[in-house]
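Data block below; observations after.
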Amino acid sequence: MRPVITGKIKISSSTIDHALTRLKDAIRQMRFLNKLEQLAILSVGIILDEAGIGVPVGNADVGLFVGIDDAIEDIKDEYFNGILNDGILGASPLLFSFTTPNSLAAQVSIAFDIRGESVTIPVKHSYRNVIEYASECITERHTKMAIAGGILLKDKRLSIEEGRYMAEFFVLEDAGSAAERGATVHKLNI
């Protein structure tokens, strides 16, 4: 089995509003608790659509491999600043669940009914190790298809609207499966 890339997307947090226009109504109308969750779900929604994978996925043969760096620290800071500013009443029970690194992968899995493996991997500067692990899982037949990538903090000095975060995701699958589906094969440039 030789994994190939059949979908790729790169979205900056500065283009979230534009990215929303590329999605179906069901996803556009979702309620998001924070911008990282929104960016992750929008990115995966667009890549699923562009790779020709129907939503909801509802399939255990599709895995999700998400890399996350210090971007998750912004959610933790928001949560703990609420406590510092307003005491225990400032602690948002809705935001608390987003203080763990695997929360974004969990939200994406729920949003698209992705039933395969869901793995969160810490990264710095590149998703290469995430893509390599997802490729290995396909090669060793642990999964047939993988959505791999993640969100990186690009510049702490920027606001979300100025492009603080960058999301990049890829759809990987066996070359034979891609040929059967008539999927376009992309080159990896990371």
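The values are calculated or read from the model by the stated rules, or taken from the named source; none is laboratory data. Note that the structure is predicted; figures quoted are calculated from it, not measured. All Cβ positions, even for glycine, are placed from backbone atoms using ideal geometry, and neighbour counts span all protein chains on display. Quick note on the areas: whole protein, heavy atoms, side chains included, nothing else; ligands and nucleic acids left out. Shrake-Rupley method; radii C 1.70, N 1.55, O 1.52, S 1.80 Å.
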(message) With an 8 Å Cα cut-off and a minimum separation of 6 or more residues, compute the relative contact order for region 10-74 in percent.
(response) 29
(message) Please enumerate, by chain and number, the aspartates and glutamates with C-alpha under 15 Å from the C-alpha of LYS144, excluding those fewer than 8 residues away in the same chain.
(response) ASP61, GLU117, GLU132, GLU136, GLU173, ASP174, GLU180
(request) Order LYS124, LYS8, LYS156, most accessible first, counting only protein heavy atoms with a 1.4 angstrom probe. (result) LYS156, LYS124, LYS8
(message) Could you put MET1, MET166 in order of accessible surface area, largest first, with the 1.4 Å probe and the full protein assembly present?
(response) MET1, MET166
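For the ranges 137-145, 81-89, what's the packing order if you count other beta-carbon atoms within 10 Å of each residue, average per peptide, and put the highest first?
Values: 137-145: 17.0, 81-89: 10.7.
The packing order, highest mean first, is 137-145, 81-89.
Taking 0.36 nm per intervening residue step and subtracting the Cα-Cα distance, what contour gain separates ASP86 from ASP61 on full extension? Don't skip to the end; give the middle numbers.
Details: separation 25, 0.36 × 25 = 9.00 nm, distance 4.51 nm.
Net length gain for the segment: 4.5 nm.
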(message) Rounded to the nearest 10 Å², what accessible area does ASP17 have for a 1.4 Å probe in the complete protein model?
(response) 110
(request) Please give the solvent-accessible surface of SER97 in Å², to the nearest 10, using a probe radius of 1.4 Å with every protein chain present. (result) 60
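Evaluate the charge dipole of region 48-190 about its Cα centre and quote only its size in Debye, nearest 20, assuming +1 on the Cβ of each Lys and Arg and -1 on the Cβ of each Asp and Glu. Before the final figure, lay out the partial values.
Working: 12 positive and 22 negative charges, 34 e Å.
The dipole magnitude comes to about 160 debye.
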(request) Counting helices only, and only those DSSP H runs with n ≥ 4, report the 222 nm mean residue ellipticity of the chain as the sum of -39,500 (n - 2.57) divided by its residues, in deg cm²/dmol to the nearest 500. (result) -11000 deg cm²/dmol
(request) Just tell me which lysines come within less than 27 Å, Cα to Cα, of LYS35; anything on the same chain fewer than 8 places away is out. (result) LYS8, LYS10, LYS24, LYS76, LYS124, LYS154, LYS156
(request) Place +1 on the Cβ of every Lys and Arg and -1 on the Cβ of every Asp and Glu in the chain, take the dipole about the Cα centre, and give the residue among ILE151, ILE131, LEU84 whose Cα lies farthest towards its positive end. (result) ILE131
(request) Report GLU173's accessible area, 1.4 Å probe, all protein chains in place, as a number in Å² to the nearest 10. (result) 0
